[in-house]
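Chemist: Pasting a structure here, questions to come.
Nothing in this text is a laboratory measurement; each read-out follows from the coordinates by a stated rule. Model, not experiment: these values are computed from the prediction. Cβ sites come from the backbone with ideal geometry, for glycine too, and all protein chains shown count toward neighbours.
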Amino acid sequence: MKGTRILFSLLLSLAILAGFGGQGYAQSENELYFQETGHTVRGPFLEFFLSADDPLLLFGYPITDEFEHPITHVRVQYFQKVRLDLIQGGSGEIVQLAPLGEDLLDEQAPLLDIPANSPACNEINGFPVCYAFLQFYETNNGMRYLGAPISAAQVYEGRIIQNFENARLEWRPEEPSGQRVALTDLGRIHYDRTLGDPTRIRPQASDNIPGRLVQPRAYAFVARPILPADSQQTISVIVMDPSLTPLAGALVKVEVLWPDGTTDIHRPSDTDANGISQLSINTGNFKANQIVRINVTINYKGETAAAATWFRLWW
């Protein structure tokens, strides 16, 4: 605890010396708060959510805010019907649907008796998709959002269902015409079975209200401005409001720009009670007298800020 206070005091002093003029901040318009469940979707999660023609039909409402999964350490957000994962892809960070259909597949459920050669069916991934399920799948870009089928139609808990990689379709004859095919709430089922933490489900108040901007400021520092190749460097990020009050819970993204033109992206832990997040990296085997540049972006309740720092490799 004492060491943390000393580090905070040092970083705070450096921030004051650096001045506030060069730091940018803005209220993010790229977020959406759902009063129905009391949760916010923002950034790349919102971009993916809005990519669907009818996102509430395919995903449902958010049932958590985004958070770091305690087992996989991937940033995720649960919705009623799905889970979205933020992963590192070939061209940077991308959002993809988690394979909840595979995780919750019950292979023991009896199959529905449908003729294999029925003209109302289409074989996809080795499984027939038929009748209203097929119409729903084709109408809603099923391969992208539901994934490939992983079972034929089954009878499960008294309903006709069919499992796909990311979702499960079910037949609800009691609903009006046009609404009888729906997605099972696999997001909520999976969350309850694997995590079950009620605190993340509880509604959160929206801070995205005009006149209540926090205006966060971000600062980035390295422990050693000059160091040899193949050694450890520690990057510290501090997030404060304009009155120098530390902000806990800010999401942090660190981009390390190496001398060979490559970039590594890191998601260190959210800022702690002192507004600090830290990351350790290996400097690699680059030649001496080259500069490694570091860009930092933070998101605090929908508002963003940026900072930058660098260090030089020596012998």
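Chemist: Net charge near Thr37: determine it from the other residues with C-beta under 11 Å of the C-beta of Thr37, scoring Lys and Arg +1 and Asp and Glu -1.
Modeler: Neighbour charge sum, excluding Thr37 itself: 0.
Chemist: Binning at 5 angstrom from zero up to the longest distance, how are the C-alpha pair distances of segment 36-201 distributed in percent?
Modeler: It works out to 2, 8, 18, 21, 19, 15, 10, 5, 2, 0, in whole percents.
Chemist: Determine, from the Cβ-Cβ distance of Arg159 and Asp230 and an R0 of 41 Å, the FRET efficiency 1/(1 + (r/R0)^6), rounded to the nearest 0.05.
Modeler: About 0.10, to the nearest 0.05.
Chemist: A follow-up question, please. Net charge near Asp65, counting Lys/Arg +1 and Asp/Glu -1 over other residues with Cβ under 11 Å of its Cβ?
Modeler: Summing Lys and Arg as +1 and Asp and Glu as -1 gives +3.
Chemist: Using R₀ = 30 Å, calculate the FRET efficiency as 1/(1 + (r/R₀)^6) where r is the Cβ-Cβ separation of Asp54 and Trp258; round to 0.05.
Modeler: For Asp54 and Trp258, the calculated efficiency is 0.10.
Chemist: Calculated FRET efficiency, Thr139 and Ser280, Cβ-Cβ r, R0 35 Å, to nearest 0.05?
Modeler: Calculated value: 0.10.
Chemist: A further question on this structure: Treating cross-link reach as a plain straight distance, find the aspartates and glutamates whose alpha-carbon is under 12 Å from the alpha-carbon of Lys287, omitting any fewer than eight places away in the same chain.
Modeler: Excluding near neighbours in sequence, the set is Asp230, Asp260.
Chemist: Sticking with this one: Once Rh is set to the Kirkwood radius over Cα pairs, what Stokes-Einstein translational diffusion coefficient, in µm²/s, holds for the chain at a temperature of 10 °C and a viscosity of 1.306 mPa s?
Modeler: 71 µm²/s
Chemist: Expressed as a whole number of Å, what is the distance separating the alpha-carbon centroids of segment 165-205 and segment 236-315?
Modeler: 37 Å
Chemist: Here's another thing I want to ask about it. Students often forget the sequence filter, so: which aspartates and glutamates lie under 14 Å Cα-Cα from Lys301 once same-chain residues fewer than 8 apart are removed?
Modeler: Glu29, Glu31, Asp65, Glu66, Asp207, Asp241, Asp270
Chemist: Follow-up question, since we're still on this one. Report the one residue of Leu86, Ala288, Gln179 whose Cα lies farthest in the direction of the positive end of the charge dipole of the chain (charges on C-beta: Lys and Arg +1, Asp and Glu -1; origin at the Cα centre).
Modeler: It is Ala288.
Chemist: Right, here's the next one. Tell me what the chain gives for mean residue ellipticity at 222 nm when only DSSP H runs of n ≥ 4 count, each as -39,500 (n - 2.57), the sum divided by the residue total, rounded to 500 deg cm²/dmol.
Modeler: The per-residue figure over the chain is -4500 deg cm²/dmol.
Chemist: From the P(r) of segment 158-281, can you give the percent of Cα pairs sitting at distances over 22 Å?
Modeler: I get 63 percent for the Cα pairs in segment 158-281 exceeding 22 Å.
Chemist: Roughly how large, in nm² to one decimal, is the mean projection of the convex hull of the alpha-carbon atoms in segment 115-177?
Modeler: 4.5 nm²
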